[in-house]
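Student: Pasting a structure below so you can have a look.
The values are calculated or read from the model by the stated rules, or taken from the named source; none is laboratory data. Please read all numbers here as calculations on a predicted model, not as lab measurements. Every residue, glycine as well, gets a Cβ built from its backbone with ideal geometry; the counts of neighbours run over all protein chains shown. Just so you know, the surface numbers come from the protein's heavy atoms only, side chains and all, with ligands and any DNA or RNA stripped out. Shrake-Rupley method; radii C 1.70, N 1.55, O 1.52, S 1.80 Å.
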Amino acid sequence: MNLREAIVLAGGLGTRLRSAVPDLPKCMAPVNGKPFIACVIDYFRAQGIEKFILSLGYRHELIEQYIHTQFTYPRHEPATAFSFSVEQQPLGTGGGIRLACEKATEENVLVLNGDTLFKVYVQELANFHASHRAACTLSLKPMQNFDRYGVVSLREDASVLDFKEKRFYKEGLINGGVYVLNAASLLAKGLPEVFSFEKDYLEQYLSPKAGGHEIYGIVQNEYFIDIGIPADYERAQQELLPV
């Protein structure tokens, strides 16, 4: 299976970054002269993604203008396809993903966060998703001595057993915010217009169904940065150098 299409969640306000980046969507925070979302798009284009659906909300026009200026033909050839899914009101992470899924043209899509760069190997992720016949596959990052994230536990067959709440952990696997999602499967769930992808979808579909498990996790111990707090935003400036 090849993954060619990605949904990028880029509607966040960036409240915790207000002191460093006032009045910009979080994914547009500049890192060494270009918006952080450009780092995300560049990496996943190099991994074979050809079509991006940007799920937008707060100040969406800034992101649309940037994409049209920097990433569309003839600046990039062959052209990468971009489309936009704009929330007229906050829909939660799940509502935003579901709305964007309605624009998807592929059976399975990659789902990314526009304020996080997790350098997963997309083909490895796609092969795992297909071989496990998963409805959703999570990319998991091993971490040590952290309290900013909850942890994910797996069964022996790599299906997700449970999600544990945020607290201090000496070590554990975190949800890296990169998923492979069967779009039709999500749309068929009959979930409400506004919902949390994590609480109302992932956590609610962990139990085995007649056809087996739906939610799986694959560990990829690759570079990970989430610019949601000022300290990590500053770290991005040191680590994501211009190429």
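Student: Residue 93: of a type in the set (Ser, Thr, Tyr) and at pLDDT 90 or above, yes or no? Let's see the steps before the verdict.
Tutor: Numbers: of a type in the set (Ser, Thr, Tyr): yes; at pLDDT 90 or above: yes.
Here the answer is yes, as residue 93 does meet what is asked.
Student: Filter segment 213-231 for residues that are at pLDDT below 95 and either more than 28 Å from residue 128 (Cβ to Cβ) or in contact with a strand residue (DSSP E or B) (Cβ under 6 Å, 6 or more places away or on another chain) (or both) and give the result. If you could, list the steps in order and put the result at the bottom.
Tutor: Initially, segment 213-231 is screened for residues at pLDDT below 95, giving 213-214, 226-231.
Passing the criteria: 213, 226, 229, 230, 231.
Student: Take the residues in segment 126-161 that are in a helix (DSSP H, G or I) and of a type in the set (A, V, I, L, M); name whichever of them is nearest to the chain's Cα centre (by Cα). Outline the logic, then answer.
Tutor: We begin by selecting, within segment 126-161, every residue in a helix (DSSP H, G or I); these are 126-131.
The next check asks that each one be of a type in the set (A, V, I, L, M); those that pass are 126, 130.
On the way: 126: 15, 130: 19 Å.
Filtering first and then ranking leaves 126.
Student: Look at residue 122 and say whether it is β-branched (Val, Ile, Thr) and either open to solvent by 30 Å² or more (accessible area, probe 1.4 Å) or in contact with an Asp or Glu (Cβ under 6 Å, 6 or more places away or on another chain) (or both). Working first, answer last.
Tutor: Values: β-branched (Val, Ile, Thr): yes; either open to solvent by 30 Å² or more (accessible area, probe 1.4 Å) or in contact with an Asp or Glu (Cβ under 6 Å, 6 or more places away or on another chain) (or both): no.
For residue 122, the condition - β-branched (Val, Ile, Thr) and either open to solvent by 30 Å² or more (accessible area, probe 1.4 Å) or in contact with an Asp or Glu (Cβ under 6 Å, 6 or more places away or on another chain) (or both) - is not met.
Student: Do the conditions hold for residue 8, that is, is it of a type in the set (Val, Ile, Thr) and modelled with pLDDT of 90 or more?
Tutor: Values: of a type in the set (Val, Ile, Thr): yes; modelled with pLDDT of 90 or more: yes.
So residue 8 passes the test.
Student: Could you pull out the residue among 152, 194 that is β-branched (Val, Ile, Thr), touching a residue at least 40 places away in the same chain (Cβ under 8 Å) and within 20 Å of residue 91 (Cα to Cα)?
Tutor: Details: 152 fails: within 20 Å of residue 91 (Cα to Cα).
From the options 152, 194, the qualifying one is 194.
Student: Would segment 169-182 turn up any residue that is more than 20 Å from the chain's Cα centre (by Cα) and in a loop (DSSP other than H, G, I, E, B)? Give the derivation first.
Tutor: Narrowing segment 169-182 to residues more than 20 Å from the chain's Cα centre (by Cα): 169-171.
Imposing the further condition that a residue be in a loop (DSSP other than H, G, I, E, B) reduces the set to none.
The answer is no; no qualifying residue exists.
Student: Please go through segment 88-134 and pick out each residue that is touching a Cys at 6+ places or on another chain (Cβ under 6 Å) and not aliphatic (A, V, I, L, M).
Tutor: Quick first cut of segment 88-134, residues touching a Cys at 6+ places or on another chain (Cβ under 6 Å) only: 114-115, 117.
Matches in segment 88-134: 114, 115.
Student: If residue 30 passes every condition in (1) open to solvent by 40 Å² or more (accessible area, probe 1.4 Å); (2) over 20 Å from residue 226 (Cα atoms) but one, which one does it miss?
Tutor: (2)
Student: Cβ-Cβ below 6 Å, separation at least six or inter-chain, first residue in segment 227-243 and more than 15 Å from residue 28 (Cβ to Cβ), second modelled with pLDDT of 95 or more and assigned to a loop (DSSP other than H, G, I, E, B): which pairs?
Tutor: none
Student: Further, regarding this structure: Can you tell me which residue within segment 155-172, out of those that are out of contact with any strand residue (DSSP E or B) (no Cβ under 7 Å at 6 or more places or on another chain) and open to solvent by 100 Å² or more (accessible area, probe 1.4 Å), is nearest to residue 204 (Cα to Cα)?
Tutor: Checked segment 155-172; the qualifying residue nearest to residue 204 (Cα to Cα) is 165.
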